[in-house]
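So the structure is just underneath, and the comments pick up after that.
The values are calculated or read from the model by the stated rules, or taken from the named source; none is laboratory data. Keep in mind the model is a prediction, meaning the values are calculated, not measured. Please note: Cβ atoms are built from the backbone with ideal geometry, for glycine as well, and neighbour counts cover all protein chains shown. Just so you know, the surface numbers come from the protein's heavy atoms only, side chains and all, with ligands and any DNA or RNA stripped out. Shrake-Rupley method; radii C 1.70, N 1.55, O 1.52, S 1.80 Å.
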Amino acid sequence: MCGIVGYMGFRPAAAVVLNGLQRLEYRGYDSAGLALFEDGKLELYKTQGKVADLRQLSSFDTTTQTIGIGHTRWATHGVPSDSNAHPHKSNSGELLLIHNGIIENYDALKQLLISKGYVFHSDTDTEVLVNLIEDVQKSHNYKLGKAVQVALGQVIGAYAITVLDIKKPNELVVAKLGSPLAIGVGENEYFIASDASPFVEFTKQAIYLKDHQMAILRREKPIVLRSLKDDNKADYYLQELSLDLEQIEKGGYDHFMLKEIYEQAHAIKDTYRGRLLGEESLIKMAGIEEHLEKFLNAKRIIIVACGTSWHAGLVAEYILEDLVRIPVEVEYASEFKYRNPIITERDVVIAISQSGETADTLAAINLAKEHGAFVFGVCNVVGSTISRATHAGAYTHAGPEIGVASTKAFTTQITVLTLMALRLAQAKGSISKEEFKSIIAELELMPQKVEVALLQNKTTLEIAKRYQTATNCLYLGRGVNFPVALEGALKLKEISYIHAEGYPAAEMKHGPIALIDENMPVIVVAINKGHYDKVVSNIQEIKSRKGKIIAVVTEGDQTVKALADHVIEIPETLECLSPLLTTIPLQLLSYHMAVILNKNVDQPRNLAKSVTVE
Ligand code: F6R
């Protein structure tokens, strides 16, 4: 995890790096640091806390230095502290390094360096790496680039690094394996960052470094890319960025999460735009068309993902099995990788990831590929590691999701997976023309219906106020809305720190019902589809035990209204598409609860947006 930013050019580096770090805080925010360099003078600032805390340290002159590197951290090795914050210095004080990733064999390397007399001032793997580079450089009298290449040859793990050598002030060396690294190329200036957001207002030209590549950036000189494996020069592709500054700003909302909740109507439309051709009754998805046979001949579909993306996978399981009639298994990517699963060449693996960087999901993909399965990615971040590691894929086109709690990623993932299910069902002949038409017609109405669901904002705020002292909550749903219950519970847990559990409604009587008393809020998805009557019975059971019922119902519902303490109405829709609507009030409820409790909504404690460690 962690975010790295670097700059070399003619602008004040401090402003570029600090603003860039703030945009990358979604990657981690437990400590931050900045090194500025100019005219032989180095200034280094590090602190536990956020980038805002780092700014407070700025007794430094922030206008003169035109070279700088900075870091925002999510701790892996060593607690969040000033000394563990990056940049890390080598023993001679000449090399400075920022790092996103994990050096797995750091302990062995550290012992080796200690035996050579090196001393360490932090608990991090990064300090080991910077000293390893120094050791290689000094032992062989190598230039910095060569020393980085040779040192990384001894490293096991993942990294995106930037190294500054104060003896060569007009040069930065960067390298990548596993963790993302983008280089912004401007007129006489270079930017380095974990994604393009820190430099999007300065340049639209970017190079995304590939794994096993390094780049040497010299002031006012062309960039040089090399392979870390053999040191040969490598070609690069200058990518035109389509990202806009306003997409990564709050746009008048108090929090990114709220903005992203409200963006869902648009985001869903962007997801199906160009793919769903309603008038022709067609769905066109290049990644599916090119590999249609793989899907149609599949004995099984395995979905791998983590967190919210895993919940989207569970929703897809219901839809794919129902429409396409191919068995689907949904796996936590982290478990899949480590349990010696049976994977064959007839399996199709769908990997779902908003960030496209989740290490557990990536590991599951690699395992599936080793066993000859065809792997299809559903990612949001264009050009991300997972989107490149898969054989084919479909982007969700949700736009940048910056709030750590995933919202629009979930609904757009479900949209993509529904489109896939419809296309495959059509190709397989497992859906009637009428059903196909009715689902796509309803899908086209979804953006409008999401807008209507968002009108429940005020109701969810009132409910949040009423239950702000709750310490536990249950979320219940059935069928395709069972994963929505899991997702609702996850949203509440992660941003308001209130303990919450999601269950299939019928499962309650097998244990969790023991928890219900007059203090337990139970949020039930009880729309008038699927097993409505059974859910009504489940609600009765909660009521008999004095639980407080907050029900998400279909507009006009009377039965549940008569039983529940609170109802939140959403528009009528087809059962298979209902998660796109039932999710909205649950997101809003968690959001309001967290705001009322004065929690950091966009940056909840202990979390990070991109989980690039296994
Ligand atoms: C929850 C959340 C996480 C992510 C999970 C997977 O709100 O954001 O649970 O869903 O870390 O991340 P991606 O989708 O980027 O692979």
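Does residue 484 satisfy the condition of being within 16 Å of the ligand (Cβ to nearest atom) and touching a Gly at 6+ places or on another chain (Cβ under 9 Å)? Explain how you work it out, then say what you get.
Numbers: within 16 Å of the ligand (Cβ to nearest atom): yes; touching a Gly at 6+ places or on another chain (Cβ under 9 Å): yes.
Yes, satisfied.
Determine whether the range 542-558 contains at least one residue that is open to solvent by 30 Å² or more (accessible area, probe 1.4 Å), in contact with a helix residue (DSSP H, G or I) (Cβ under 9 Å, 6 or more places away or on another chain) and farther than 27 Å from residue 407 by Cβ.
Residues of the range 542-558 that are open to solvent by 30 Å² or more (accessible area, probe 1.4 Å), as a first pass: 543-546, 548, 555-556, 558.
If we keep only those that are in contact with a helix residue (DSSP H, G or I) (Cβ under 9 Å, 6 or more places away or on another chain) as well, we get 543, 545, 548, 555.
From what's left, farther than 27 Å from residue 407 by Cβ: 543, 545.
Yes, there is a match, as at least one residue in the range 542-558 is open to solvent by 30 Å² or more (accessible area, probe 1.4 Å), in contact with a helix residue (DSSP H, G or I) (Cβ under 9 Å, 6 or more places away or on another chain) and farther than 27 Å from residue 407 by Cβ.
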Notebook entry, point to check: From the residues in the range 150-170 that are over 28 Å from the mean Cα position of the chain (by Cα) and open to solvent by 10 Å² or more (accessible area, probe 1.4 Å), which one is modelled with the lowest pLDDT?
Noted result: 169
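Conditions (1) over 28 Å from residue 241 (Cβ atoms); (2) in contact (Cβ under 8 Å) with a residue 24 or more places away in the chain; (3) assigned by TED's automatic domain parsing to the domain that holds residue 228; (4) touching a strand residue (DSSP E or B) at 6+ places or on another chain (Cβ under 6 Å), marked per residue:
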residue: 92; (1), (2), (3), (4): yes, yes, yes, no
residue: 115; (1), (2), (3), (4): yes, no, yes, no
residue: 137; (1), (2), (3), (4): yes, yes, yes, no
residue: 148; (1), (2), (3), (4): no, yes, yes, yes
residue: 154; (1), (2), (3), (4): yes, yes, yes, no
residue: 161; (1), (2), (3), (4): no, yes, yes, yes
Next item on the list: Please note which strands (runs of 3 or more DSSP E) are completely contained in the range 1-120 and include at least 3 residues that are open to solvent by 10 Å² or more (accessible area, probe 1.4 Å) and at pLDDT 90 or above.
Entry: 41-48
Next item on the list: Go through the range 139-149 residue by residue and tally those that are in a helix (DSSP H, G or I) and surrounded by fewer than 15 Cβ atoms within 10 Å (Cβ to Cβ).
Entry: 2
Note to self: Out of everything in the range 331-356 that is assigned to a loop (DSSP other than H, G, I, E, B) and within 16 Å of the ligand (Cβ to nearest atom), what residue ends up being surrounded by the most Cβ atoms within 10 Å (Cβ to Cβ)?
What the structure shows: 354
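Conditions (1) more than 16 Å from the ligand (Cβ to nearest atom); (2) hydrophobic (A, V, I, L, M, F, W, C), marked per residue:
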site: 404; (1), (2): no, yes
site: 408; (1), (2): no, no
site: 411; (1), (2): no, no
site: 428; (1), (2): yes, no
site: 432; (1), (2): yes, no
site: 437; (1), (2): yes, no
site: 441; (1), (2): yes, yes
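One line per residue, one yes/no per condition, for (1) out of contact with any helix residue (DSSP H, G or I) (no Cβ under 8 Å at 6 or more places or on another chain); (2) free of Cβ contacts under 8 Å to residues at least 60 places away in the same chain; (3) not hydroxyl-bearing (Ser, Thr, Tyr):
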position: 175; (1), (2), (3): no, yes, yes
position: 178; (1), (2), (3): no, no, yes
position: 184; (1), (2), (3): no, yes, yes
position: 190; (1), (2), (3): yes, no, no
position: 196; (1), (2), (3): yes, yes, yes
position: 208; (1), (2), (3): yes, no, no
position: 213; (1), (2), (3): yes, yes, yes
position: 225; (1), (2), (3): yes, yes, yes
position: 233; (1), (2), (3): yes, yes, yes
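So if I check each of 368, 405, 363, 392, which one is closer than 18 Å to residue 588 by Cβ and within 25 Å of the chain's Cα centre (by Cα)? So that I can check it myself, show each step before the final result.
Details: 368 fails: closer than 18 Å to residue 588 by Cβ; 363 fails: closer than 18 Å to residue 588 by Cβ; 392 fails: closer than 18 Å to residue 588 by Cβ.
Matching residue, one of 368, 405, 363, 392: 405.
When only residues in the range 584-599 that are part of a loop (DSSP other than H, G, I, E, B) and touching a helix residue (DSSP H, G or I) at 6+ places or on another chain (Cβ under 8 Å) count, which is farthest from the ligand (Cβ to nearest atom)? Talk me through it step by step, then tell me what you get.
Of all residues in the range 584-599, those part of a loop (DSSP other than H, G, I, E, B) come to 597-599.
Going one step further and asking which of them are touching a helix residue (DSSP H, G or I) at 6+ places or on another chain (Cβ under 8 Å), we end up with 597, 599.
Working: 597: 17, 599: 14 Å.
Here the answer is 597.
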Notebook entry, point to check: residue 508 passes all but one of (1) within 30 Å of residue 278 (Cβ to Cβ); (2) at pLDDT below 95; (3) open to solvent by less than 20 Å² (accessible area, probe 1.4 Å); (4) of a type outside the set (Gly, Ala, Ser); which number fails?
Noted result: (1)
Next item on the list: Within the range 357-384, track down each residue that is away from the ligand (no atom under 13 Å from the Cβ) and in a strand (DSSP E or B).
Entry: 374, 375, 376
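Modelled with pLDDT under 95 and near the ligand (Cβ under 9 Å from one of its atoms) - does that describe any residue in the range 385-394? Walk me through it before giving the result.
Residues of the range 385-394 that are modelled with pLDDT under 95, as a first pass: 385-389.
From what's left, near the ligand (Cβ under 9 Å from one of its atoms): 386.
Checked against the condition, which is being modelled with pLDDT under 95 and near the ligand (Cβ under 9 Å from one of its atoms), the range 385-394 yields at least one hit.
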Check: From the residues in the range 368-383 that are open to solvent by 10 Å² or more (accessible area, probe 1.4 Å) and in contact with a Phe, Trp or Tyr (Cβ under 7 Å, 6 or more places away or on another chain), which one is modelled with the highest pLDDT?
Finding: 380
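Restricting attention to the range 225-251, and to residues there that are more than 27 Å from the chain's Cα centre (by Cα) and small (Gly, Ala, Ser), which single residue is surrounded by the most Cβ atoms within 10 Å (Cβ to Cβ)? Working first, answer last.
Kept after step one, since they are more than 27 Å from the chain's Cα centre (by Cα), are these residues of the range 225-251: 225-235.
Those still in the list that are small (Gly, Ala, Ser) too: 227, 234.
Details: 227: 14, 234: 18.
Among those that are more than 27 Å from the chain's Cα centre (by Cα) and small (Gly, Ala, Ser), it is 234.
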Notebook entry, point to check: In the range 15-43, which residues are under 17 Å from residue 57 (Cα atoms) and among the aliphatic types (A, V, I, L, M)?
Noted result: 15, 16, 17, 18, 21, 32, 34, 35, 36, 42
